[in-house]
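Okay, so here's the structure we're looking at.
The values are calculated or read from the model by the stated rules, or taken from the named source; none is laboratory data. Note that the structure is predicted; figures quoted are calculated from it, not measured. In this analysis, Cβ positions are derived from the backbone assuming ideal geometry, glycine residues included, and neighbour counts consider all displayed protein chains. Note: accessible area is taken over every heavy atom of the protein model, side chains too, but ligands, DNA and RNA are not part of it. Shrake-Rupley method; radii C 1.70, N 1.55, O 1.52, S 1.80 Å.
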Amino acid sequence: MKRTKIIEILKSTQYGQTVCVKGWVRTHRSSKAVDFIALNDGSTIKNVQIVVDPECPVSAAPVQGGLPALSLKDITTGACICVEGTLVESPAAGQPSEIQAAKIEIYGLCDNDYPMQKKGQSFEYMRQHAHMRLRTNTFGAVMRIRHNMAMAIHTYFHEHGFFYFHTPLITASDCEGAGNMFQVTTKNLYDLKKDEQGKIIYDDDFFGEQTSLTVSGQLEGELGATALGAIYTFGPTFRAENSNTPRHLAEFWMVEPEVAFLDQEELMDLEEDFIKYCVRWALDNCKDDLEFLNKMIDKTLISRLEGVLKETFVRLPYTKGIEILQQAIKDGHKFEFPCNWGDDLASEHERYLVEQHFKKPVIMTDYPREFKSFYMKQNPGVSGESGISGESSVGYKGAVAPGPTMQGTDVLFPQIGEIIGGSVREESYDKLMAEVKRRNMDTTHLWWYLDTRKWGTCPHAGFGLGFERLILFVTGMQNIRDVIPFPRTPKSAEF
């Protein structure tokens, strides 16, 4: 008999029909008169209740040929079964229907040492059993939301005229300081050929030069934007940073749109509109999962998501942000890290601005040049290199920034800190080369990127969204390792 997914069973009111469901047992309660099995197949957070008469025939499915005679007592938490029976209206509150079993086949038995028994395991414990944690209610909800966020991203960009552009995972460039990189090689690591200076010779390697896994598709994405007008990348990126914080992974997914003829204000409009679209999609399409997570993980989750849609994001120049943080220190607030002009803000600073000062998302703009990337467009200084940062100081008590600033546009969110990092890109070949020389950068592997500023250059801008950070915000989970199926972190590459 053809299987019906549980999500469809729970919507159906065609009581009296014979149905077939397949899934994994969440709970099994027995009594002399009747047994109750809660069955879930992953299509929804909700289980369907199976009502079983003790005389109901139980057998091994054909795929389990050779099993001894089976009975109801063999159906334990985690077992996989097929049930045929009658759909009936449920007399119990909170569930619209249930199935009266006519026969049950067991696909997979589950021993008593099944690690995901119905009890309160810690997330740390479940990370040790990542191959099984996906079957729990929490991780099922997170993964369904993750899927929906991916669909929202593709739908948004498709509806707004962007082209999905596939950038390489293997690269010889490092996107200038975006993070330490994992090398890709076919060389024998036990017999490396080196030159007189002790440097590894890559002539005999697969690509003939040193290559690594990408930390970002941005540079290649910019090339796509200068041909197609508006593109986005969406794929895995890799950073070999020895970080064990709840916000970092070695392998994670990035969404990176690049758009020709976009200025700073238009970029901020895009960032805000895009992220609100994703949040709205979650509220519209993940109701059951969000209600579960709101109850079990974060009781403010849904109200926080709804709040994002109601608020206009604050647009805050870095210089003004520093003034606010320094005033907070004068008022007695203590930060672990310094926050003077020229410092790269820590997560605690970002979250203070978002969660305590403004109580809404913030787009911080016009950062100091010294800790931003070479490709960002520099703001025009009022007095050249004398220090006033143009746009970043206008209207704020004549605040004077001690150095040039870049047209960055980072979106800061409650609970997360930075969720988007973006900027206007420098389109002038001469200005870009001047910045490259000032930083003493090796342009050996960037010649193709610089060429785009020589031949038909155009104003353009873009941003990068850490996909897992979006999932953290939308689910209310507290650790980034719990919003990706199989996390890759220092000393951990299992599963």
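The C-beta contact set for the range 1-29 (first residue among the hydrophobic types (A, V, I, L, M, F, W, C), second residue open to solvent by 60 Å² or more (accessible area, probe 1.4 Å) and assigned to a loop (DSSP other than H, G, I, E, B), distance under 7 angstrom, 6+ apart or interchain) comprises Leu10/Lys46; Leu10/Pro96; Cys20/Met1; Cys20/Lys2; Cys20/Arg3; Val21/Arg3; Trp24/Arg135. Residues being out of contact with any Phe, Trp or Tyr (no Cβ under 7 Å at 6 or more places or on another chain) and either open to solvent by 50 Å² or more (accessible area, probe 1.4 Å) or hydroxyl-bearing (Ser, Thr, Tyr) (or both): count how many of those fall in the range 240-282. Total meeting the criteria: 15.
The residues of the range 344-365 that are part of a loop (DSSP other than H, G, I, E, B) and crowded, with 16+ Cβ neighbours inside 10 Å, listed by number, are Leu345, Lys360, Pro361.
For Ile471, the criteria (1) outside any strand (DSSP E or B); (2) modelled with pLDDT of 95 or more; (3) farther than 23 Å from Val279 by Cβ; (4) in contact with a helix residue (DSSP H, G or I) (Cβ under 6 Å, 6 or more places away or on another chain) hold in every case but one, which is (3).
At least 3 residues being more than 14 Å from Thr171 (Cβ to Cβ) is the threshold, and among the strands (runs of 3 or more DSSP E) wholly inside the range 202-267 those reaching it are 230-238, 251-260. A Cβ distance below 6 Å, combined with a sequence gap of six or more or placement on separate chains, defines the contacts here; from the range 194-212, residues that are more than 20 Å from Ala240 (Cβ to Cβ) reach residues that are among the hydrophobic types (A, V, I, L, M, F, W, C) and open to solvent by 60 Å² or more (accessible area, probe 1.4 Å) in the pairs Lys194/Ile200. Of the listed requirements (1) in contact with a Leu (Cβ under 7 Å, 6 or more places away or on another chain); (2) touching a residue at least 60 places away in the same chain (Cβ under 8 Å), Gly229 misses just one: (1).
Applying the condition of being in a loop (DSSP other than H, G, I, E, B) and at pLDDT 90 or above to the range 115-127 and asking which residue is least open to solvent (accessible area, probe 1.4 Å) yields Pro115. Only residues that are at pLDDT 90 or above and either surrounded by fewer than 13 Cβ atoms within 10 Å (Cβ to Cβ) or part of a loop (DSSP other than H, G, I, E, B) (or both) were counted in the range 60-78, giving 5. Of the numbered criteria (1) at pLDDT below 95; (2) open to solvent by 20 Å² or more (accessible area, probe 1.4 Å); (3) closer than 15 Å to Leu465 by Cα, the one Gly417 fails is (2). If the condition is being open to solvent by less than 50 Å² (accessible area, probe 1.4 Å), in a loop (DSSP other than H, G, I, E, B) and more than 20 Å from Asp288 (Cα to Cα), then the range 5-35 contributes only Val34. Considering the range 262-290, the residues that are among the aliphatic types (A, V, I, L, M) and touching a residue at least 40 places away in the same chain (Cβ under 8 Å) include one that is farthest from Val483 (Cα to Cα), namely Leu262.
Against the definition (over 20 Å from Gly466 (Cβ atoms), within 31 Å of the chain's Cα centre (by Cα) and surrounded by 17 or more Cβ atoms within 10 Å (Cβ to Cβ)), how does Arg133 come out, yes or no? Judged against the criteria, Arg133 is a match.
Every residue, every condition in (1) under 31 Å from the mean Cα position of the chain (by Cα); (2) surrounded by fewer than 15 Cβ atoms within 10 Å (Cβ to Cβ); (3) farther than 30 Å from Lys491 by Cα; (4) not aromatic (Phe, Trp, Tyr), yes or no:
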{"site": "Ser43", "(1), (2), (3), (4)": "yes, no, yes, yes"}
{"site": "Asn47", "(1), (2), (3), (4)": "yes, no, yes, yes"}
{"site": "Val58", "(1), (2), (3), (4)": "no, no, yes, yes"}
{"site": "Cys80", "(1), (2), (3), (4)": "yes, no, yes, yes"}
{"site": "Pro91", "(1), (2), (3), (4)": "no, yes, yes, yes"}
{"site": "Gln100", "(1), (2), (3), (4)": "no, no, yes, yes"}
{"site": "Cys110", "(1), (2), (3), (4)": "no, no, yes, yes"}
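Note on the range 297-332: residues that are part of a helix (DSSP H, G or I), open to solvent by 10 Å² or more (accessible area, probe 1.4 Å) and either among the charged types (D, E, K, R) or within 17 Å of Glu272 (Cβ to Cβ) (or both) amount to 8. Pairing each residue of the range 314-327 that is free of Cβ contacts under 8 Å to residues at least 24 places away in the same chain with any residue that is basic (Lys, Arg) and part of a strand (DSSP E or B), provided the two are 6+ apart or on different chains, yields no C-beta distance under 6 Å. Within the range 436-468, the set of residues being over 26 Å from Glu370 (Cα atoms) and not in a helix (DSSP H, G or I) comprises Trp455, Gly456.
No other residue among Ile170, Ile153 is over 28 Å from Gly85 (Cα atoms), open to solvent by 30 Å² or more (accessible area, probe 1.4 Å), aliphatic (A, V, I, L, M) and in contact with a strand residue (DSSP E or B) (Cβ under 6 Å, 6 or more places away or on another chain) apart from Ile170.
Residues in the range 314-344 that are farther than 21 Å from Ile363 by Cα and among the acidic types (Asp, Glu): Asp331, Glu336. Close Cβ contacts (under 6 Å, 6 or more residues apart or on different chains) running from residues in the range 441-457 that are touching a residue at least 24 places away in the same chain (Cβ under 8 Å) to residues that are of a type in the set (Phe, Trp, Tyr) and open to solvent by 70 Å² or more (accessible area, probe 1.4 Å) comprise Arg453/Tyr429; Lys454/Tyr429.
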